[in-house]
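Readers should treat all values here as calculations from the given coordinates under stated rules, not as data from a laboratory. Remember, it's a predicted structure, so these values are computed and weren't measured experimentally. Positions of Cβ are backbone-derived with ideal geometry, glycine not excepted, and every protein chain shown enters the neighbour counts.
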Amino acid sequence: MSSNESLANLLKEERRFAPPAELAAAANVTAEAYAEAKEDRLAFWAKQARRLSWATEPTETLDWSNPPFAKWFADGELNVAYNCVDRHVEAGHGDRVAIHFEGEPGDSRAITYAELKDEVSKAANALTELGVQKGDRVAVYLPMIPEAAVAMLACARIGAAHSVVFGGFSAEAVASRVQDADAKLIITADGGYRRGKPTALKPAIDEAVLSCPTVEHVLVVRRTGQDTAWDDSKDVWWHEITDRQSTEHTPQPMNAEHPLFILYTSGTTGKPKGILHTTGGYLTQASYTHHAVFDLKPETDVYWCTADIGWVTGHSYIVYGPLANGATQVMYEGTPDTPHQGRFWEIIQKYGVTLLYTAPTAIRTFMKWGDDIPAKFDLSSLRILGSVGEPINPEAWIWYREHIGGDRTPIVDTWWQTETGAMMISPLPGVTAAKPGSAQTPLPGIAATVVDDEGHEVPNGGGGYLILTEPWPSMLRTIWGDDQRYLDTYWSRFGAGHDAAETDWRYFAGDGAKKDEDGDLWLLGRVDDVMLVSGHNISTTEVESALVSHPKVAEAAVVGATDATTGQAIAAFVILRGTAHDDAELVTDLRNHVAKVLGPIAKPKMIKVVSELPKTRSGKIMRRLLRDIAEGRAVGDTTTLADSTVMDLIQSQLPAAG
Ligand code: WT7
């Protein structure tokens, strides 16, 4: 299906789902908020910043005097860990459960806010003992266990920026990120449980540190108890060092613009981008959006976000937003089908989860597994369902509402990015009449629209590129160590240039979008060459580079082909080196090679050996044509090819069935 066809289908969607009256009547945020923010956007955000406890209250809201380098609440000071932990204990909520941890093997652990305060304080003292100071970087490579949140909060408490690297990434991927950030310490674990068995994590770190001279220590959480190689000069057990620390630690106030974390995201070209987020504005928007979009009632709700802490969703909606709001949440270590395909629904039943946040790729998998699986569990506690990571197709939206939400819960389809730090476009559960498949409306205080190729705003019914027209508190501040790339990637496409008026700076999100006749926004996926596989951004260039690093591969072109389950699947076309042969093992070999270089998530689903690749005269691969082949369609317009016979040649080399 071409994007035009899928768009036409999307816009035929006419079902509407009004908020349940009871929810609307008691909602944290009402339609009033849109009017208030429209009246005075900066006053609106200044008010939301007061959700936090500041050591020094800010008197400034936005400093946009050097666009696009924003400063929010620049003369304010606060400590993020104090806001996420201590203040709830001081307010008398120390006995409230912060985290209901559910390990994959079935072990569980409830951690109250008072216990979390002790854990974070001990970890902060341990980091200090290991020589980590304010301004340093700490890499985190952990499974989904409470220590991941504790480690992040401990870094925030002492003002060291964390750089969390997804536990599924390879040693090389970790090493390049650790090197880029000059991290001083890596926090990891012996392993974690996945698909019913312990999976080692430390060997990847042992390999990575060989090429990371800045790393002084590796702090290792014992999770699985598996045999682990040990280097006494570097390695330190988490439990040994934290056990001997005091539970007292005084959080130091940080300037609102102090770096909180770096998180790497795939780019279209070259190395991953280190997205930098800072303290005050980030926490303000993470906290406000979690309160508004999930309508969180901290006394009664049980919230569960199924993302991994290695992605931005885990940062903003497992750690910072929910904890800043004093939420009780579930954290689950493993996969949804271990030990059975009803595991998620069993967890919801066990803890009485009221707010669920997951991804379309998971929802489509559940649909495939069958309606009878969730039907066996009591899901009546649920009151709001969230979706994030990629466009949710109306079929999946309706299935989610009917089979998980009992045909009663609002669905919030939340559009945002690693770069935006927090949600930007989403329905409000007590306000918006929801349209299946559309993220609909910029949140209060957020300005977004759709423009055409020339940067002109399109009318209702028109399509083009999504842009953000005003700075927002949780925006990225730059790409770590590369201000120029920050400018080039996000602000030059539709920005007005250097002598532009302050208000003319426009952020290019890289997503295609459409406005429907009501002016509601429909997100259509990436317009560049980043693939979205199971909700994860993977760059075509990175996979191509990985393939070409194999001794048998001369050249490679990679495209994301529409896939019913994972959103996009990676399809690769490779040209072999002269002496190499296309034998049975080759494809397996290449897939494993990519997994080794980039991690299993980047493994191509399909690899085809060809003798030529379609290129323009300037040598740019025409991925569009390869996507036609990968998706089993007639090949489109080939007139800009350097050699117009190439596509016929490629097709003659592929089996007829594709
Ligand atoms: C890209 C950002 C946001 C956290 C997870 C991904 C796509 C995200 C939606 C949505 C349509 C969406 C966009 C975006 N995306 N949410 N609700 N509807 N598309 O973070 O890895 O930085 O990816 O994910 O294409 O640009 P990320």
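Report the charge-dipole magnitude of region 1-133 in Debye, nearest 20, computed about the Cα centre from +1 at each Lys and Arg Cβ and -1 at each Asp and Glu Cβ. Display every interim value, and only then the final one.
Working: 14 positive and 23 negative charges, 65 e Å.
So the magnitude is around 320 debye.
Which FRET efficiency, nearest 0.05, do residue 233 and residue 565 yield, Cβ-Cβ r, R0 45 Å?
On the way: r = 46 Å, r/R0 = 1.01.
The computed FRET efficiency comes out at 0.50.
Of 318, 328, 106, which is farthest on the positive side of the dipole of the chain, counting Cα position, with +1 on Lys and Arg Cβ, -1 on Asp and Glu Cβ, and the Cα centre as origin?
106
How large is ³J(HN,Hα) for each residue in region 392-407, as worked out from phi by the Karplus curve 6.51 cos²θ - 1.76 cosθ + 1.60 (θ = phi - 60°), to whole Hz, x for Gly and Pro?
Going residue by residue, I get 9, 6, x, 4, 5, 4, 5, 4, 4, 5, 6, 8, 9, x, x, 6 Hz, with x marking Gly and Pro.
Magnitude of the Cβ-charge dipole of the chain, K/R +1 and D/E -1, about the Cα centre, nearest 20 debye? Could you put the intermediate results ahead of the total?
Values: 60 positive and 88 negative charges, 155 e Å.
Computed charge dipole of the chain: roughly 740 debye.
Once amide H atoms are placed 1.01 Å from N in the peptide plane, what residues at a sequence separation of 5 or more from residue 194, or on another chain, have their amide H within under 5 Å of its amide H?
For residue 194, the qualifying residues are 199.
Report the full-extension gain for the segment residue 642 to residue 376: residue separation times 0.36 nm, less the Cα-Cα distance, to one decimal in nm. Let's see the in-between values first.
Details: separation 266, 0.36 × 266 = 95.76 nm, distance 5.80 nm.
Contour length minus Cα-Cα distance gives 90.0 nm.
Quote the relative contact order of the chain in percent (integer), defining contacts as alpha-carbon pairs under 8 Å separated by 6+ residues.
Working: 1420 pairs, mean separation 84.6, N = 658.
Answer for the chain is 13 percent.
So what is the 222 nm mean residue ellipticity for the chain from helices alone, if each DSSP H run of at least 4 adds -39500 (n - 2.57) and you divide by all residues, rounding to the nearest 500 deg cm²/dmol?
Numbers: 20 runs with 177 residues, N = 658.
It comes out at -7500 deg cm²/dmol, rounded to the nearest 500.
Whose amide H sits under 5 Å from the amide H of residue 112, counting only residues 5 or more places off or on another chain, with H placed in the peptide plane?
98
Hey, got the dipole for region 135-186? About the Cα centre, +1 on K and R Cβ, -1 on D and E Cβ, debye to the nearest 20? Provide the component values of the computation, followed by the final result.
Numbers: 4 positive and 5 negative charges, 26 e Å.
The dipole of region 135-186 has a size of about 120 debye.
How many percent of DSSP beta bridges within region 67-183 run antiparallel, rounded to 5?
Details: 5 of 9 bridges.
Here the antiparallel bridges make up roughly 55 percent for region 67-183.
What percent does the relative contact order of region 541-624 come to when contacts are Cα pairs within less than 8 Å and at least six residues apart?
Details: 127 pairs, mean separation 24.7, N = 84.
That works out to 29 percent.
Given the options 543, 458, 427, identify the residue whose Cα lies farthest towards the positive end of the charge dipole of the chain (+1 on Cβ of Lys, Arg; -1 on Cβ of Asp, Glu).
Towards the positive end, the residue furthest out is 543.
Once you have the Kirkwood Rh of the chain from its Cα pairs, apply Stokes-Einstein at 4 °C and 1.567 mPa s and quote D in µm²/s.
On the way: Rh = 25.6 Å.
Value of D from the Cα-based Kirkwood radius: 51 µm²/s.
Grab the Cα-Cα distance for residue 199 and residue 518, subtract it from 0.36 nm times how many residues apart they are, and report the gain in nm with one decimal.
Working: separation 319, 0.36 × 319 = 114.84 nm, distance 4.93 nm.
Separation in residues times 0.36 nm, less the Cα-Cα distance, equals 109.9 nm.
Using the Karplus curve 6.51 cos²θ - 1.76 cosθ + 1.60 with θ = phi - 60°, what ³J(HN,Hα) values do you get for each residue of region 319-324, in whole Hz, with x for Gly and Pro?
So the J values, rounded to whole Hz, are 8, 6, x, x, 6, 4.
Which of 486, 65, 230 sits closest to the plus end of the dipole of the chain, meaning its Cα is farthest towards the positive end, when Lys and Arg get +1 and Asp and Glu get -1 on the C-beta?
Farthest towards the positive end: 230.
Compute the signed sum of charges (Lys and Arg +1, Asp and Glu -1) over the other residues within less than 13 Å, Cβ to Cβ, of residue 287.
+4
If you take every DSSP beta bridge fully contained in the chain, what fraction is antiparallel? Give it as a percent rounded to 5. Intermediate results must be reported in sequence, preceding the final value.
Numbers: 57 of 95 bridges.
That works out to approximately 60 percent antiparallel.
Given R₀ = 35 Å, what would the calculated FRET efficiency be for residue 601 paired with residue 367, taking r from the Cβ atoms and rounding to 0.05?
The calculated FRET efficiency here is 0.95.
Compute the distance in nm between two label points, each set 7 Å from the Cα along the Cα-to-Cβ direction, one at residue 584 and one at residue 214.
4.8 nm
What length, rounded to one decimal in nm, is gained on full extension from residue 402 through to residue 548, with 0.36 nm per residue of separation minus their alpha-carbon distance?
Numbers: separation 146, 0.36 × 146 = 52.56 nm, distance 4.58 nm.
Result for the pair: 48.0 nm of gain on full extension.
Counting DSSP beta bridges with both partners in region 537-658, what percentage is antiparallel, nearest 5?
Values: 12 of 16 bridges.
That works out to approximately 75 percent antiparallel.
If R0 is 41 Å, what FRET efficiency do you get for residue 22 and residue 109 from their C-beta distance, rounded to 0.05? Present the calculation step by step, with values, prior to reporting the outcome.
Working: r = 34 Å, r/R0 = 0.82.
After rounding to 0.05, the efficiency reads 0.75.
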